[in-house]
Each structure stands twice: as C-alpha cells, then as structure tokens.
1. So which residues in the stretch 137-179 are outside any helix (DSSP H, G or I), surrounded by fewer than 20 Cβ atoms within 10 Å (Cβ to Cβ) and of a type in the set (Val, Ile, Thr), if there are any at all?
2. Residues to consider are GLU250, GLU244, GLU194; find the one that is under 23 Å from the mean Cα position of the chain (by Cα), surrounded by fewer than 21 Cβ atoms within 10 Å (Cβ to Cβ), more than 30 Å from LEU455 (Cα to Cα) and in contact (Cβ under 8 Å) with a residue 24 or more places away in the chain.
3. Name the residue, out of LYS343, LYS333, that is more than 30 Å from MET169 (Cβ to Cβ) and assigned to a loop (DSSP other than H, G, I, E, B).
4. Applying the selection to the stretch 375-416, what residues are aromatic (Phe, Trp, Tyr) and under 20 Å from LEU209 (Cα atoms)?
5. Does ARG191 satisfy being modelled with pLDDT of 95 or more, touching a strand residue (DSSP E or B) at 6+ places or on another chain (Cβ under 9 Å) and not aliphatic (A, V, I, L, M)?
6. Test of understanding: among LEU207, LEU220, which residue is touching a Gly at 6+ places or on another chain (Cβ under 9 Å) and part of a loop (DSSP other than H, G, I, E, B)?
7. So, of the residues in the stretch 448-468 that are in contact with a strand residue (DSSP E or B) (Cβ under 8 Å, 6 or more places away or on another chain) and of a type outside the set (Val, Ile, Thr), which turns out to be farthest from ILE495 (Cα to Cα)?
8. What do you reckon, is ILE535 open to solvent by 20 Å² or more (accessible area, probe 1.4 Å), of a type in the set (A, V, I, L, M) and either more than 17 Å from the chain's Cα centre (by Cα) or more than 27 Å from GLU161 (Cα to Cα) (or both)?
Amino acid sequence: MEIKKECVQFLGEYYKELFFGNVNKRYRAMTGAELKKRLRRLTEENLKPVEKANELSDIHAMLSKVCACLMRKEGNLPPGPAVEEWEKNCASMGEFCEALARKDLEYLSGLSLEELEHVLKMQGIRRYLLTNSLERAYQLFYIPKTIKKGIRESVNQKPEEEYPGAREMKRRFILHVGPTNSGKTHDALERLKECGRGAYFGPLRLLALEVYDKLNAEGLPCSMITGEETLEVPGSICQSCTVEMLNDHEYFDIVVVDECQMIADPYRGHNWTRAVLGLRADEIHLCMAPEAEDIVVQMIKRCGDQYRVVRHKRNTRLTMESKPYNLKRDLKKGDALIVFSKKSVLALAAHLENEGIHCSVIYGSLPPATRREQVRRFLAKETEVVVSTDAIGMGLNLPIRRIVFVETRKFDGVNKRTLTPEEIKQIAGRAGRFGLYDEGFVSAIDEPEVIRDGLSRLPIPIMKAYVGFPEQLLNLPAEIDTLVKIWASMDTPSIYEKMEVDELLALYMTFEHVHQNDIEDFTRQEIYKLITCSIDIDNKMVMDLWKDYCRDYREMEELEFPYSPGDDLYDLESYYKMLDLYFQFSRKAGLPVQTENLAEERRRTEEEISRILKTECASYSRKCSACGKELSWDYPFSVCERCFERVKVNRAHNRGGRRHSPGTVGRV
C-alpha cells in the first residue's frame, strides 16, 4: 500500500519538533568521537536494510541522544568552523527526521492523515517516540483505545442482546434441578421424544453417543453431531450433539441441554451460556446441579423468557460409611475406586489384576467406544470392580453399589488441591444405581472427614456465567491476540465473566510461528477457525500434527491421513486423538475426509486399546525408573528407596572427591 505524502510531510515536521524540542533536552553524555560515529550511522542509506519495525526503536533512541547532544552545544561553541559543523549536523539530522518518518510509515502505510494526527495527540506518546518506533507506539497507545471503542460499538454490553433471533421469541424453560442419579436427564429426554424438530446438547461425545443410541433404539430417528464425528441418520427429526456444536441460527421446538452447572467452567462454560441466551427453541429443558439454579434463573429473567423449576430427588439413599476403607479387607464386587490421574488408575488396576481381581478402567483420554466396552464388561460381570478418575462422575450409568475415594486430592493443572464439595457430590452420587440398589454407599481410604464434610455441605451457588469471545470482533483492524487480550480485559455485567483465553492465545502464537513469513496471507476469520480446534495442547504428537496441517493445508487437496505412532497404550490413545483432529481440521478447512478409512482406523484403535486393557492391564504396575523393581501402586516417587539412597551416596562421594582432588588441596 502506498504511503500518503501528506502523512510523511506531517510526521517529518513532527519529528523535527520532537527530537529538537524541550521534551528531548535531558542531557546524555557523549564524546566527540561517539557523536561523529553516530552521525555517520544516522543516514537515509542506512535505513534501507531495516526489515522489521522493531529495529527502528534503536534508531529512534540513537537519534534522540544525538539531537539532545547537539542542542546542548547550541550557544556554547566558539565562532568559526565548530559552529559551521554544528549547523551542518543539525541540518543533516533534520533531513534524517524526514527519512525516519518515511521509514516508520512503511509499517503503517494504511494510516490516514486524520488517524496519524489522532495517534500523535495521545497522552504520553511524545516521550515514548524518543526511544520507540511509530509502529510500536501505534500498537501500545492507539490500537487498545480504538479497539475498546470498536468493541463497545460492535458488541452489546449485555450478552443476551447478542442473540436477536432468540430475543424475538417467547421461549419456555423447564429447569430440572437435582443431584446426580435423580433422573433429571431421563425425564427431559422423555419429553424430547415428542419433538417435531429437537436436539440434545451435552458436555461429552460419550453422552451424545448414548442419547443417539437410546433415541434411535426407541424409534426416534436421531443423528449425532460432535466436533470429532458425525453420524447421519436419514429422515432424522432430532440431533444429539456436544454443546460446542450448537447453532444459534437453527430452530427447534424442543431442546435438552445437559449438565448446565458447567456454565461455571472457565474454558467451556461459555458454550452453556450461549445455549441459555441464544437457543432458538420454543421449549428448552435445562438439567443442572442445585448450585446452578440461581445464576440460570437470573439469565432467563434478563432474556425476558418464562421458566418453571422441576426439583428432582435421589431415587436411592446415599450413606457415608463410618469406618475408613481398607483396600485388602473391604474390597467387594460392585465397588468403584476413585483416583485422580491416568497413571494412578492403571497402577491400581494392575495391582488388583495381579491380586486376581478383574477391573474395568475409566479415565478421560479413553475413546468413547472403549469406555463403553469397559462398562459392558462390568455389566456382564466380566470384571468385579471399576477403577476410575472423576470421569465417572458424568455420563456413565453403572451398577455401582459403593464409591470409594482412594484419593481425596487432585491436580487441577496448577496445584494439587482437596476436592470441592461439588466434585465430591458429583462422583459420590454415582453410587446406588436406581432399580438395582435401594441404597448407595460412599467410603474413603484416607481423610474420610473430607468426603463426609463435602457430602453434608449445602451447595455454594454459582455466581458467574462465562461468556465467549464474540467472533464479529474479528472484523476490527487488529491482530487476533490483540483483540482477544483487549476484549478479555474489559468489564462485563455483574453476572458474567470472560472465558479463559490462555489456550486460545497459545494456539495463535503457534500458528503465528508456523506462518511467520506469510501470516498476512490469512484472514483473521480463517486463523480463528483453526485455532479453535478442540485439541489436547499438552499432547506433543497431536500438536505436531496440528502444526503440520496448519502449515500445509492450503497446498493440499486432502489432508494427509495420520499414521499410528506405535502400539503401546499411550501411542494408541494419541493416535485416536490424531484421527479426531484429522476429521475436525478437514471439516474446518473444507477438505474431503476419508470416511471409510477413518471409521476403520477408529474401530481398530478402539479394539486394540480395549484388548490391552483386558489382557495387559497387569503390566502397568509402577516400576522403579532406575532398576525396574516393582513398586506399590501408590508409591509417590519414580525411583525406589534403594536407588535413591545409592544416588545420594554417589553424589556425596563425587562432591567429596572434587573437594579433595589433586591440585586443589591447600590452594588459596
């Protein structure tokens, strides 16, 4: 884009006044030799090789020092050659100010004179430009203020007003409020069966799959739509989806939204907020834990819609056992043992398998079909107990008599912390399946008082509902990371909170690094579509594949099909996530999918993971990483006591050897 001449002229005059003005009169010590050296460097010719705007900041700082030094000499030189040289140097720096203005504007070539004047009038910018480039000042001073103004103009300050289609309707909400195992979702789904055009939205692909199977088995044609998989049923009048797939432009007569307490999740909660505020449906059933009732009612009232609350009670009693649980003495068929990491699940299951007790295992990274196979084995009594993470607390209806908290602390991504009362109730509520047991039991190996206290406490009401980044902001003139950061820093109405944006920004930075030389060729909308892929950013193999796809997809007629990295459990689980990414990225990029190959590879991977868990689970016991000795399942370290002591002794010996090595004794 061509630089406007009037902008160059205006900025050149501004720079002369700035660098030779009062704001730059702070003295900088400089010898005559240093001054001459810098004067030789500050030429228009030396500006030509500059390729990046941030390189101009050093040139601004150098010019500032030189001009301050020249101003200090004014009136202090003897008449003659010294004054003539001084006048020549001042004229040279005046010409350089014009050249620097031209170079600065190369990086802001779209700037109009009116915008430039507005930028240069902003508070604090004059002193900032003494040591920083115009582009940097523009990003720091002008962009945030302009973008904030643009955000206020583009996005309604009331999130509910972002969905005019829903606001034009008179919607009826039925709130199903109750604890786990109280029949909330069952009752809502019974009503969904009467739909003419209906939908179910849940938090997990596994739940969407269960509802898909249930409705089709009962004669209601239902398709399934998730980010990772689509199962189309001809003539379907209902769809079962993960909540991220909600389309607020689509009309339904009856909708069920499950697990609405997740509205308080900082990363995914905005999807439930969008469902409550934006769903275009006549009748909406919201299933939730009691702590979500107040916040959801407030949101519905702000929308001006009608609602009624249906309270559900547990169908079986839930009893906390008085004695601490002993794994050797108290283990019985039908128990579910709860730990909080995949490693602990596999180690405890291996320990029990080696004791002759067959286990079903459940944790978050298992493919949905594999989880269902683990449930089937438990239902068929092929296994006696379940070993699970807190993944058991949502979407798995198992005939569990007793929930046993083997651990009461979990790592939440930042710290290892004690379970919250809400987490305890969600997990413990899985005990005592209605129709099989009259009573469910809860126990704990350590700190039973934590579990007892969590079960007895009244729920703490959710105070905030999370809102997501509005995609219409991508039309504003700034990079995605700038838009997201400014949006996240702005205030919201009292009952709302901005979603966490760290993962979104991390993916943007990765995309920026992949396309550091040609990122200008991508629209913000195109980039945003790719950085909102639902992926495990902590899995290196998945992230590497995402980066490969981001780099190459424009040059390909079809994405390269993923290859299996190996045959062990971790590799197979990673491969399954890579297959999900292949499907998801292809859809977002508008590229064809190898449907049959994908279905076959998913099936093969699920079967192999199920086979490993069935036949090789005992091999996943904890072992010393140094000597390979088998450790107890809950051993907290990666090396055994003996190896640890050996390393300590060796280190002490080495330190002692260095202290008394030849040539060092007696040295001062």
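1. The answer is VAL155, ILE174.
2. GLU244
3. Answer to the check: LYS333.
4. Of everything in the stretch 375-416, just one residue is aromatic (Phe, Trp, Tyr) and under 20 Å from LEU209 (Cα atoms), namely PHE378.
5. Yes, satisfied.
6. Of LEU207, LEU220, the one residue that is touching a Gly at 6+ places or on another chain (Cβ under 9 Å) and part of a loop (DSSP other than H, G, I, E, B) is LEU220.
7. My answer is PRO448.
8. Against the criterion (open to solvent by 20 Å² or more (accessible area, probe 1.4 Å), of a type in the set (A, V, I, L, M) and either more than 17 Å from the chain's Cα centre (by Cα) or more than 27 Å from GLU161 (Cα to Cα) (or both)), ILE535 qualifies.
The values are calculated or read from the model by the stated rules, or taken from the named source; none is laboratory data. Model, not experiment: these values are computed from the prediction. Note: ideal-geometry Cβ built from the backbone for every residue, glycine included; neighbour counts use all protein chains shown. Just so you know, the surface numbers come from the protein's heavy atoms only, side chains and all, with ligands and any DNA or RNA stripped out. Shrake-Rupley method; radii C 1.70, N 1.55, O 1.52, S 1.80 Å.
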